[in-house]
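This report concerns only the one structure given below.
The values are calculated or read from the model by the stated rules, or taken from the named source; none is laboratory data. Keep in mind that this is a model prediction, so the values were computed, not measured. Note that each Cβ is placed from the backbone with ideal geometry, even for glycine, and that neighbours are counted across all protein chains shown. These area figures cover heavy atoms from the full protein model, side chains too; ligands, DNA and RNA do not enter into them. Shrake-Rupley method; radii C 1.70, N 1.55, O 1.52, S 1.80 Å.
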Amino acid sequence: MGNVKLALFLAYKSIIKGNRWALTLIILVMSLSFANLLLTPSILSGVTNTLDEQQVNTLYANIVIDPSEDKYYLDRSSLIEEKVEHIPGIVGVSAHLDTSACIEYEWLEKESSSDKGKGGTWSIVGIDPLREVNVTTIHEHIIQGSYLDPGDRDEIVLGVEVAGGDRAETASFLTLQGAQVGDKVRLTYPNGVQREYHVKGIFQAREMTRADRLAFVTRKEMASVLGRTIFTDRASQILVRIEQPGEENRFIKEFEALGIDGEIRSWREYGGATSGIVSSFDVIASLINSIGLVVAAVVMFIVIYINVINKKRQIGILRAIGIKRNVVLCSYLIQALFYAAFGVIFGGLVFGYGIQPYFALHPLTLPIGLVSFAVKPATIQIAVLGLLLAAAFAGFIPVLSITRQSIIKAIWGN
Amino acid sequence: MIKVKNLRKVYGHGLTATQALRGVDIEVKPGEFVAVMGRSGSGKSTLLHMLGLLDIPTDGEILIENRNVLRLSDGKKANFRLEKLGYVFQEYSLLPEMTVLENVYVPALCLGKENSHKKRAAELLETVGLGERLNHYPNEVSGGEQQRAAIARALINQPKILFADEPTANLDFASAKLILELFRKLNRELGQTIVMVTHEPEDEKYVDRVIWLKDGLVEQWSTPLPISKVGISN
Ligand SMILES: Nc1ncnc2c1ncn2[C@@H]1O[C@H](COP(=O)(O)OP(=O)(O)OP(=O)(O)O)[C@@H](O)[C@H]1O
Ligand SMILES: [Mg+2]
């Protein structure tokens, strides 16, 4: 007990009366190290969040209702829509009727029948525009022209990676090579039906892997292509948007209780490609973080080491008058933890009230979309723990080596 | 009180090895004030470091109060220093981050004498003539005053033996005299055992006995000089 008190007293004196510059420098280093430990994982989880949001906003909404395993379509989709819609907390429900089709552009300019021309095969989604706008955000990403209206029959909206041109990221020969709003395209459906549409709008949702490679027509139009009588009330998929993201599982249970004949899944189960990316990010983040931690530890080690070397004589004197090695060690450990604690506080303040709010207001514009920082509690815990451990290590080792020297050496140098 | 048998200390190895002590046998009785004298390099400081348990001899035995102190573990040695020994260095050895008063009571803090230590430290500082300087930092007082504070610190835990290695070497004549008289007073009035290294032949008159070292060996023990005690006290 007396020993702990003495160690505290020694640490207190050392901090209060010690070199102000050293103190400022050490705490600065600690603060920057701490902010650095938060930075990389937060950017990466910001990217992950953006990718997740894109999946939700452009492809899956929150909950996806698929046909049962033995069926191709959901029957009586309007009934399902109606049932689900009435549950409180549901923002929107939209049934999709999907197929694929060969889309051609400027097909009349082909020079011979063996010329492949400008075309390709893409997924075509039939939607009810009035419903769809409550569920996905594609309509907010129109970069040219406009979105579909409920009555549209010979209109199509193309993803930018389908239309092609300068704005697209995809190699030109894999696109329509620059179809514009107002141009005509010809679709050939798998059942042989061939139709021509006006390009009504082009969108760029920045979800390059899938969303920007879709084309939309109205569901009415799609049903008429596939066979009106049967398909008017059929859907390939129903997307559901909920008010509070994160409550997917609760709603899934409610849907199941309604006796819906289909597979009900959260969007996360679809995030196949992204979940791979996310776990790669986790690996990258922990790699960068380990390096960051080592660098922080080394810097702290150097700064504390120089500080401690200057106190070698004092440590010798303390031991000469009978203060135990453990008390001296403990007092320097307390100092190191004190520095680390202040590093956490200042670094945390700078990050939480400076860096993070700034990037929340001015997100980074990356090709995948807008990215702001997302700090996870686990990241903070790891950073705090890492910094404390690194500081303890950096404070402990030099003092340990000095207290292992003979007292005389510590006092008289060499 | 102290018995030293065949004490040897070799610094370094091989060709560069220095034999600082080459078999020293001495004895100090309780209540004695002993001076260790000798030429520079004769091994005085080395001897005192060994006696103060600040360094480990190459060979030999040291008995303090009949305990073989060299056999103690590191922690026990520290405790022994704390409780039984006081050490005054030649150079200023106060901790710069603490006031004079705090410097003096730090060793008491370690023994957990919670309440009395401040008062006792202040009294000791009064005794060494620093009653007015309690809350000054070491760099705010003179060298002689620092040395007196260091003596007060060495005395705070009422040590059995006080060691001092040339405590007056860096001081002017007046300050040196003050300190030697303080030692004599401690010895005479409180029966404090003191072992002091000095190179000033003048100091002989303050002490009971002188141990002369030459090249790491005891050259002679001067006969006790009871006259010196009588002679100086007016
Ligand atoms: N750490 C050391 N390493 C090597 N040699 C040492 C060391 N300390 C002392 N010596 C040598 O041991 C011998 C005795 O040294 P010591 O310091 O005990 O002498 P001293 O009598 O105190 O001298 P002075 O009056 O100059 O203080 C000297 O030859 C010295 O060079
Ligand atoms: Mg010496």
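Can you tell me which residues in the stretch A:220-250 are exposed (fewer than 12 other Cβ atoms within 10 Å of the Cβ) and of a type in the set (Val, Ile, Thr)?
Of everything in the stretch A:220-250, those that are exposed (fewer than 12 other Cβ atoms within 10 Å of the Cβ) and of a type in the set (Val, Ile, Thr) turn out to be A:Thr229, A:Ile230.
Here are B:Ile211, B:Ile179, B:Ile194: which of them is out of contact with any strand residue (DSSP E or B) (no Cβ under 8 Å at 6 or more places or on another chain) and open to solvent by less than 80 Å² (accessible area, probe 1.4 Å)?
Only one candidate qualifies: B:Ile179.
When you look at B:Val141, is it at pLDDT 90 or above and touching an Asp or Glu at 6+ places or on another chain (Cβ under 9 Å), yes or no?
no
Under the condition of being open to solvent by less than 20 Å² (accessible area, probe 1.4 Å) and within 16 Å of ligand 2 (Cβ to nearest atom), which residue from the stretch B:16-33 is farthest from the other protein chains (Cβ to nearest Cβ)?
My answer is B:Val24.
Taking the options A:Leu32, A:Leu25, name whichever one is over 27 Å from the mean Cα position of the chain (by Cα) and within 30 Å of B:Glu97 (Cα to Cα).
A:Leu25
Kindly provide the set of residues from the stretch A:311-353 that are free of Cβ contacts under 8 Å to residues at least 24 places away in the same chain and within 14 Å of another protein chain (Cβ to nearest Cβ), ordered by number.
Once the filter is applied, which keeps residues that are free of Cβ contacts under 8 Å to residues at least 24 places away in the same chain and within 14 Å of another protein chain (Cβ to nearest Cβ), the stretch A:311-353 yields A:Gln314, A:Ile321, A:Gly322.
Filter the stretch B:35-65 down to residues that are surrounded by fewer than 22 Cβ atoms within 10 Å (Cβ to Cβ), more than 16 Å from ligand 2 (Cβ to nearest atom) and over 10 Å from B:Leu7 (Cβ atoms) and give me whichever is nearest to the chain's Cα centre (by Cα).
This residue is B:Ile64.
Give me a count of the residues in the stretch A:8-50 that are part of a helix (DSSP H, G or I) and facing chain B (nearest Cβ under 10 Å).
The total comes to 8.
Being surrounded by 22 or more Cβ atoms within 10 Å (Cβ to Cβ) and within 32 Å of the chain's Cα centre (by Cα) is the filter here; which residues of the stretch A:95-124 pass it?
Those that are surrounded by 22 or more Cβ atoms within 10 Å (Cβ to Cβ) and within 32 Å of the chain's Cα centre (by Cα): A:Ala95, A:His96, A:Leu97, A:Ile124.
Please specify each residue of the stretch A:89-117 satisfying the condition of being farther than 25 Å from A:Pro129 by Cβ and of a type outside the set (A, V, I, L, M).
A:Glu106, A:Trp107, A:Glu109, A:Lys110, A:Glu111, A:Ser112, A:Ser113, A:Ser114, A:Asp115, A:Lys116, A:Gly117
Kindly indicate whether A:Ala341 is surrounded by 14 or more Cβ atoms within 10 Å (Cβ to Cβ) and either in the same structural domain as A:Leu23 (by TED's automatic domain parsing) or farther than 30 Å from B:Leu72 by Cβ (or both).
Yes, satisfied.
Report, by residue number, each residue of the stretch B:66-78 that is open to solvent by 50 Å² or more (accessible area, probe 1.4 Å), more than 7 Å from chain A (Cβ to nearest Cβ) and either in a loop (DSSP other than H, G, I, E, B) or at pLDDT below 90 (or both).
Hits for the stretch B:66-78 are B:Asn66, B:Ser73.
Quick one: B:Gln90 ticks every box in (1) in contact (Cβ under 8 Å) with a residue 60 or more places away in the chain; (2) crowded, with 22+ Cβ neighbours inside 10 Å except a single one, so which number is it?
The failed condition is (2).
With within 14 Å of chain A (Cβ to nearest Cβ), within 16 Å of ligand 1 (Cβ to nearest atom) and closer than 16 Å to B:Ile161 by Cβ as the only criterion, which of B:Gly43, B:Gly52 stands out?
One residue alone meets the criteria, B:Gly52.
Exactly one condition in (1) among the aliphatic types (A, V, I, L, M); (2) farther than 22 Å from B:Ile194 by Cα; (3) within 12 Å of chain A (Cβ to nearest Cβ); (4) open to solvent by 10 Å² or more (accessible area, probe 1.4 Å) is not met by B:Leu95; state its number.
(4)
To keep it simple, each residue is scored yes or no on (1) in contact with a helix residue (DSSP H, G or I) (Cβ under 9 Å, 6 or more places away or on another chain); (2) farther than 30 Å from B:Glu97 by Cα; (3) not in a helix (DSSP H, G or I).
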position	(1), (2), (3)
A:Met300	yes, no, no
A:Cys330	yes, no, no
A:Phe346	yes, no, no
A:Tyr353	no, yes, no
A:Thr365	no, yes, yes
A:Ile380	yes, yes, no
A:Phe393	yes, no, no
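Residue-by-condition table, conditions (1) open to solvent by 10 Å² or more (accessible area, probe 1.4 Å); (2) in contact with a strand residue (DSSP E or B) (Cβ under 9 Å, 6 or more places away or on another chain); (3) closer than 15 Å to A:Trp122 by Cβ:
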position	(1), (2), (3)
A:Arg153	yes, yes, no
A:Leu158	no, yes, yes
A:Leu174	yes, yes, yes
A:Val185	no, yes, yes
A:Tyr197	no, yes, yes
A:Asp212	no, yes, yes
A:Ala215	no, yes, yes
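When you check A:Val375 against the structure, is it surrounded by 15 or more Cβ atoms within 10 Å (Cβ to Cβ) and within 14 Å of chain B (Cβ to nearest Cβ), yes or no?
No: the conditions fail for A:Val375.
Per-residue answers, yes or no, for (1) modelled with pLDDT of 85 or more; (2) of a type in the set (S, T, N, Q); (3) under 26 Å from A:Leu44 (Cβ atoms):
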position	(1), (2), (3)
A:Asp233	yes, no, no
A:Val240	yes, no, no
A:Ser266	yes, yes, yes
A:Thr274	no, yes, yes
A:Ser279	no, yes, yes
A:Ser286	no, yes, yes
A:Val295	no, no, yes
A:Met300	no, no, yes
A:Ile309	no, no, no
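With the condition kept exactly as written, say whether any residue in the stretch B:142-159 is touching a Ser or Thr at 6+ places or on another chain (Cβ under 6 Å), open to solvent by less than 20 Å² (accessible area, probe 1.4 Å) and more than 19 Å from B:Leu95 (Cβ to Cβ).
Taking every residue of the stretch B:142-159 in turn, none turns out to be touching a Ser or Thr at 6+ places or on another chain (Cβ under 6 Å), open to solvent by less than 20 Å² (accessible area, probe 1.4 Å) and more than 19 Å from B:Leu95 (Cβ to Cβ).
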